Amino acid sequence: MSPDQNPRPRNDPPGDVRGRLSRVPNIDDVPLESAWLKPGQPLGRTAPSIISPDPAVPTDPPLPEEPRRRRLRFRWVLLGFALLVIAGLGIPACTAWQTFGSIERVPVSDVLVPATAEGRNVLLVGTDSRAGIEADQDNAGLILGAGTVGERSDTIIVVNITDDGSKMLSLPRDLWLPINSGSPQRINTAIAQGPEAVIRTIDLELGIAVSSYVQIDLAGFIDLVDAVGGVTITIPHPAFDRASGLDLPVAGEVELDSVQALAFVRSRRYTEMIDGQEVADPTSDLGRVARQQDFIRALLDELTNERNPLVLNDALGSMADAVVLDDRTTFSDVLDIAQTLRTGLPASVVVPTQPASIGGRSVLQLRADSEEVLQEFRIN
């Protein structure tokens, strides 16, 4: 990781973090084609009391000690295992515990369900948080899309974790559903009513109960990618998106810095250069969902394979600053989730949808065969 990519210190003001959004090139001032590299040129990166028994009162014989010893021994084994997991990541146990304790909590336990024999569902919501981003900030409109006021969920993913592995279901932001038992809207508007509304909508309308809730904002996304020194993805063709600022002029393995990573996962007008021709992705939001899944898998791969404790510590700090967690998930739950993810990356699943026009708005509706896919994520 180059010196100019070091993550910000933990005591920096939040505004300085979000200020780094200005690193996105202004598309109007710098034509896309002029930023492209020559063919074959590598792409560079711009993380007791004691009571004596009465001898006059008969007492029962003492219980055998072996079961109790076994229980104690089992607890120590569990504790030892947890510490081994943390040590295996190269993170001191005290650091991981302190970081977990510093994460902001949101009171949504009333709408969460405990993990069952079928596993647990972790709801991951990435938001277009405008907090600390001024409307007149350079490239704010380019990064955040139309409008710079309010908050919407840009990414909604359900990660199902079982003893046999994990899989993730991406919900398109244009999915048309009744929001929080109210009128139908695009699902990405649910966050405006709060995290409980998002959880209830997914539970009531899709039949998917949620065990843990995780929310991350844009600034945190930038910090996390910077902490690991970039994320490597593979693209079959050079690609760009003038709306999101994406500019990947070389095909093959490409290492994304934080700005290009954000542009990649937000791209809805993904365009490839194939045989000299611009070919736009015809799948729009569905293609965007697939690219988000690919990127998350790549980011998880970077994190689970990282062995540098300093890098991991920076990643932990970035997550603590930008992540909001529910008030039920425990440190032990997080260790369980992390251990499962280390055994294999989640399989990618997309809920079947079909395009529709409602009130002049282009939306996506569930197809009849979506029930079979949704059933795979039901734990109650």
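Would you check if Glu272 is of a type in the set (Asp, Glu), within 16 Å of Arg297 (Cα to Cα) and surrounded by fewer than 18 Cβ atoms within 10 Å (Cβ to Cβ)?
On the way: of a type in the set (Asp, Glu): yes; within 16 Å of Arg297 (Cα to Cα): no; surrounded by fewer than 18 Cβ atoms within 10 Å (Cβ to Cβ): yes.
Here the answer is no, as Glu272 does not meet what is asked.
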TODO: Within region 105-125, work out how many residues are closer than 18 Å to Leu171 by Cα and either surrounded by fewer than 20 Cβ atoms within 10 Å (Cβ to Cβ) or out of contact with any Asp or Glu (no Cβ under 8 Å at 6 or more places or on another chain) (or both).
DONE: 5
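Please determine, by comparing only the residues of region 209-250 that are in a helix (DSSP H, G or I) and not charged (D, E, K, R), which one is farthest from the chain's Cα centre (by Cα).
Ala227
Go through Ala209, Ala197 for me and flag whichever is among the small types (Gly, Ala, Ser) and farther than 22 Å from Glu104 by Cβ. So that I can check it myself, show each step before the final result.
On the way: Ala197 fails: farther than 22 Å from Glu104 by Cβ.
When all the criteria are applied, what remains is Ala209.
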Open item on the list: Tell me yes or no: at least one residue of region 294-317 is under 27 Å from Asn121 (Cβ atoms), touching a Gly at 6+ places or on another chain (Cβ under 6 Å) and either crowded, with 16+ Cβ neighbours inside 10 Å or not acidic (Asp, Glu) (or both).
Closed with: yes
- [ ] Taking the options Val259, Val279, Val231, Val254, name whichever one is at pLDDT 85 or above, in contact with a strand residue (DSSP E or B) (Cβ under 6 Å, 6 or more places away or on another chain), buried (at least 22 other Cβ atoms within 10 Å of the Cβ) and not small (Gly, Ala, Ser).
- [x] Val231
TODO: Give Thr155, Thr148 a once-over and let me know the one that is surrounded by 22 or more Cβ atoms within 10 Å (Cβ to Cβ) and at pLDDT below 85.
DONE: Thr155
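Please state which one of Glu196, Glu205, Glu253 is of a type outside the set (Val, Ile, Thr), in a strand (DSSP E or B) and on the phi < 0 side of the Ramachandran plot.
On the way: Glu196 fails: in a strand (DSSP E or B); Glu205 fails: in a strand (DSSP E or B).
Only one candidate qualifies: Glu253.
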Open item on the list: With the requirement that a residue be of a type in the set (S, T, N, Q) and surrounded by fewer than 16 Cβ atoms within 10 Å (Cβ to Cβ), what does region 352-364 give you?
Closed with: Gln354, Ser357, Ser362
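Being touching a Lys or Arg at 6+ places or on another chain (Cβ under 8 Å) and either crowded, with 20+ Cβ neighbours inside 10 Å or not in a loop (DSSP other than H, G, I, E, B) (or both) is the filter here, so list the residues in region 180-193 that pass it.
First pass over region 180-193, keeping only residues touching a Lys or Arg at 6+ places or on another chain (Cβ under 8 Å): 180-181, 186-189, 191-192.
Across region 180-193, the qualifying residues are Arg186, Ile187, Asn188, Thr189, Ile191, Ala192.
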TODO: Would you confirm whether any residue within region 167-179 is over 17 Å from Leu374 (Cα atoms), among the charged types (D, E, K, R) and in a strand (DSSP E or B)?
DONE: no
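The values are calculated or read from the model by the stated rules, or taken from the named source; none is laboratory data. Computed from a predicted structure; not experimentally measured. Please note: Cβ atoms are built from the backbone with ideal geometry, for glycine as well, and neighbour counts cover all protein chains shown.
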